[in-house]
Amino acid sequence: MGGNTGSVLAVIPARGGSKSIPCKNIEPIAGKALLAYSIEQAQQTPSITRVVVSTDDADIADVARKWGAEVIWRPAEISGDIATSESALLHALDHLRDTEGYEPDLVVFLQATSPLRRPGDIQNAVEALQDRQADSIFSAYSLQGFIWRNRGGEFTSLNYDYRDRPRRQDAPQDFVENGSIYVFKPWVLRQLNNRLGGKIAVYRMHVLDSFQIDEPIDLKWVEQLLAVRRPK
C-alpha cells in the first residue's frame, strides 16, 4: 500500500464535438451518461481530492456538475478534432494555478470513453506509481503471443523470430495501452508536454475492462459488459 499522496487532481477531458457518435460523452449507457461513470469512479477513489471536467460544451458541463464534478471551460483553440489531450490537461493545470494558486501533487487523467474501470482500479494505479517510485503510470492489458507487423504490405515477426519459434508459453509478454487511467506528476506534463515521462510504470487491467467507446456499436458492447457485472 502507498502512503500519503498529498493533493491528487482528477481531470476528465470531455469536448463537445464528436463525429463518430454525436454527443458521445453524455450518451446514456445503462441508465446514465457516459461521463458520469468516470466522475463517479474518481469520486470513489480515496486518494483523489478534487475532480474536474474540462469541456467546451454547455450540456456536458451540466452533466458534470450534476454528478458532482467541477467544470473548467476549455478554449475553442484546444477543443477541435486535432486538439491533444495534453493541451486540455495543461490548460486545466494552468487555470487552477493562475486562478487559485492550486498545484496538485499528482494528476489522474481519465478518459470518459473508458467506463469499465473496476472498483479500486484508479486507487491501485495511484498506489502503484508511489510504490514503484515512478513519475508516471499508464493502464494496459497484457498480450502474450506471437505478434506480426504490417510494414507497407510486408509482414515481419515483431516480438520473436519466426525462424526460431519458441513454445507458446515462452512467448514474450507485451502490453497494450488501453487509455483508461494515467497518473503523472505535474512536472512530467509541464516539462515534456506528455502524459508519460520520467520513470514510467504500468498498471495492469483485464482486457474486458479495457474497452473504449469509439464507434456506435461500442455503446452496445459496453452496456452488455456492464449488465454482466450487475448483481442478479
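FYI, it's all coordinate maths here, none of it is from the lab. Every value quoted in this text rests on a predicted model; they were computed, and no experiment measured them. All Cβ positions, glycine included, derive from the backbone under ideal geometry; neighbour counts span all protein chains shown.
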Applied in sequence order to the stretch 75-80, the curve 6.51 cos²θ - 1.76 cosθ + 1.60 (Karplus, θ = phi - 60°) yields integer Hz couplings, x standing for Gly and Pro, of x, 4, 5, 10, 10, x
In the chain, what % of DSSP beta bridges are antiparallel (nearest 5)? 50 percent
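Quick one: net charge around Arg97, please, counting Lys, Arg +1 and Asp, Glu -1 for every other residue with C-beta under 12 Å from its C-beta. List each step's numbers first, then the result.
On the way: positive: Arg190; negative: Asp94, Asp98, Glu100, Glu103.
Its environment carries a net charge of -3.
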Using the alpha-carbon centroid of each, what span in Å lies between the stretch 129-163 and the stretch 69-99? 31 Å
Using only Cα atoms, tell me the angle between helix 216-229 and the longest principal axis of the chain; keep it within 0 to 90° and round to the nearest 10. 90 degrees
Between rounded, prolate and oblate, where does the stretch 1-152 land on the alpha carbon gyration tensor, with a ≥ b ≥ c its root eigenvalues, rounded for a/c under 1.5, else prolate if a/b exceeds b/c? rounded
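Assuming a ≥ b ≥ c are the square roots of the Cα gyration tensor eigenvalues, decide whether the stretch 14-55 counts as rounded (a/c under 1.5), prolate (otherwise, with a/b larger than b/c) or oblate. Can you show the working numbers first?
Working: a/c = 4.08, a/b = 1.72, b/c = 2.37.
Oblate.
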With point charges of +1 on the Cβ of Lys and Arg and -1 on the Cβ of Asp and Glu, referenced to the Cα centre of the stretch 64-194, which listed residue (Leu90, Thr156, Ser139) lies farthest in the positive direction of the dipole? Thr156
In degrees rounded to 10, the 0-90 angle between helix 121-131 Cα long axis and the longest Cα principal axis of the chain is 80 degrees
Can you tell me the 0 to 90 degree angle between the C-alpha axis of helix 34-43 and the longest principal axis of the chain, rounded to 10? 80 degrees
Max mean-square fluctuation residue, GNM over the chain, Cα-Cα springs under 10 Å, options Val222, Val183, Val53: Val222
Please report the antiparallel percentage of DSSP beta bridges with both residues in the stretch 37-162, rounded to the nearest 5. 50 percent
